[in-house]
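See below for the structure under consideration.
The values are calculated or read from the model by the stated rules, or taken from the named source; none is laboratory data. Quantities reported herein were computed from a predicted structural model and do not represent experimental measurements. Here Cβ is always computed from backbone atoms with ideal geometry, including for glycine, and neighbour counts include all displayed protein chains.
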Amino acid sequence: MTDLSKLRWAERVNLASAFVKYGELLLSTGARYRWAGDDPMTGFDCSGFVVECLKSMGFLRESEDLTADGIYRRFKDDTVQQPTKGCLVLYPREDRMYHVGIYYDNDRYLTAEGGGSHVTTPEEAAEHNAFLKARPVYSRPNPVFLDIFQIRRT
């Protein structure tokens with residue numbers, strides 16, 4: 001597991017950049033959306049995409065599988081007002097977080113969306129334009145930012 005307390009600020013910035021680059025790499029493959037998906041070959045939902053990226057950076061064990069709300073509960077102590085590259089972006093609905101992505105630049109984030117619980121095949125994903133995508137952060141209301149790399153901490 002990645003221990004941020006042993007990393008200098010510049011190393012945390014580099015780790016956040018690698019996290020975003022991995023997300024961008026997955027996006028560039030044209031990976032499709034799949035409800036409850038967590039695999040680059042068969043598709044991702046929003047939390048599956050972020051969990052895959054978190055595992056690649058050593059933030060989660062291979063056996064951990066979290067929903068958007070589970071990701072929030074795991075990292076909620078890292079909430080910040082303004083995002084930096086590599087922050088998690090989550091969206092609340094009622095009493096839980098229902099959507100998650102990765103902040104990368106100019107108020108945009110990477111996410112898997114366009115589907116829903118009914119999108120479980122590549123054909124359904126294509127029909128609903130459901131892919132990994134870049135979207136404006138404020139395209140959904142009330143984003144919450146988690147600085148999991150602790151870039152803003154000194």
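Any residue in the range 37-50 that is in contact (Cβ under 8 Å) with a residue 24 or more places away in the chain, in contact with a strand residue (DSSP E or B) (Cβ under 9 Å, 6 or more places away or on another chain) and aliphatic (A, V, I, L, M)?
First, pick out the residues of the range 37-50 that are in contact (Cβ under 8 Å) with a residue 24 or more places away in the chain: 37-38, 43-50.
The next check asks that each one be in contact with a strand residue (DSSP E or B) (Cβ under 9 Å, 6 or more places away or on another chain); those that pass are 37-38, 43-50.
Filter again for aliphatic (A, V, I, L, M), leaving 50.
Yes, there is a match, as at least one residue in the range 37-50 is in contact (Cβ under 8 Å) with a residue 24 or more places away in the chain, in contact with a strand residue (DSSP E or B) (Cβ under 9 Å, 6 or more places away or on another chain) and aliphatic (A, V, I, L, M).
In this structure, is Thr42 on the phi < 0 side of the Ramachandran plot and modelled with pLDDT under 95?
Numbers: on the phi < 0 side of the Ramachandran plot: yes; modelled with pLDDT under 95: yes.
Against the criterion (on the phi < 0 side of the Ramachandran plot and modelled with pLDDT under 95), Thr42 qualifies.
For the range 38-64, which residues satisfy the criterion of being buried (at least 24 other Cβ atoms within 10 Å of the Cβ) and either charged (D, E, K, R) or assigned to a loop (DSSP other than H, G, I, E, B) (or both)?
Once the filter is applied, which keeps residues that are buried (at least 24 other Cβ atoms within 10 Å of the Cβ) and either charged (D, E, K, R) or assigned to a loop (DSSP other than H, G, I, E, B) (or both), the range 38-64 yields only Asp45.
Which of the following residues is under 13 Å from the mean Cα position of the chain (by Cα) and acidic (Asp, Glu): Glu62, Glu123, Glu52?
Values: Glu62 fails: under 13 Å from the mean Cα position of the chain (by Cα); Glu123 fails: under 13 Å from the mean Cα position of the chain (by Cα).
Being under 13 Å from the mean Cα position of the chain (by Cα) and acidic (Asp, Glu) holds for just one of Glu62, Glu123, Glu52, which is Glu52.
Could you list, in sequence order, the residues of the range 114-154 that are in contact (Cβ under 8 Å) with a residue 40 or more places away in the chain, of a type in the set (S, T, N, Q) and farther than 27 Å from Glu11 by Cβ?
Ser117, Thr120, Thr121, Asn142
Against the conditions (1) surrounded by fewer than 23 Cβ atoms within 10 Å (Cβ to Cβ); (2) assigned to a strand (DSSP E or B); (3) within 13 Å of the chain's Cα centre (by Cα); (4) not charged (D, E, K, R), where does Pro92 fall short? Just the number, please.
Just one mismatch for Pro92, condition (3).
Among the residues of the range 101-154, what is the count of those that are in a loop (DSSP other than H, G, I, E, B), of a type in the set (A, V, I, L, M), out of contact with any Ser or Thr (no Cβ under 9 Å at 6 or more places or on another chain) and farther than 16 Å from Leu26 by Cβ?
Keep residues of the range 101-154 that are in a loop (DSSP other than H, G, I, E, B), which gives 106-107, 114-121, 128-130, 140-143, 147-154.
Next, from what is left, pick out any that are of a type in the set (A, V, I, L, M): 119, 130, 148, 151.
Checking which are out of contact with any Ser or Thr (no Cβ under 9 Å at 6 or more places or on another chain) leaves us with 119, 130, 148.
Within this subset, residues satisfying the condition of being farther than 16 Å from Leu26 by Cβ are 119, 148.
Residues that pass the stated criteria total 2.
Checking Thr111 against (1) in contact with a helix residue (DSSP H, G or I) (Cβ under 8 Å, 6 or more places away or on another chain); (2) farther than 27 Å from Trp9 by Cα; (3) at pLDDT 95 or above, only one condition comes out false. Which one?
(2)
Please specify each residue of the range 23-37 satisfying the condition of being touching a Cys at 6+ places or on another chain (Cβ under 9 Å) and either surrounded by fewer than 22 Cβ atoms within 10 Å (Cβ to Cβ) or not in a strand (DSSP E or B) (or both). Reasoning before the result, please.
Step one: filter the range 23-37 for residues touching a Cys at 6+ places or on another chain (Cβ under 9 Å), giving 23, 26, 33.
Correct list: Gly23, Leu26.
Condition check: out of contact with any Leu (no Cβ under 8 Å at 6 or more places or on another chain) and without any contact (Cβ under 8 Å) to a residue 24 or more places away in the chain. Does Asn106 satisfy that? Walk me through how you get there before you give the answer.
On the way: out of contact with any Leu (no Cβ under 8 Å at 6 or more places or on another chain): yes; without any contact (Cβ under 8 Å) to a residue 24 or more places away in the chain: yes.
It is true that Asn106 is out of contact with any Leu (no Cβ under 8 Å at 6 or more places or on another chain) and without any contact (Cβ under 8 Å) to a residue 24 or more places away in the chain.
Output the qualifying pairs, or none if there are none: Cβ atoms under 8 angstrom, residues six or more apart or on different chains, first residue in the range 6-18 and free of Cβ contacts under 8 Å to residues at least 40 places away in the same chain, second residue among the hydrophobic types (A, V, I, L, M, F, W, C).
Hits for this filter: Leu7/Leu15; Ala18/Met57.
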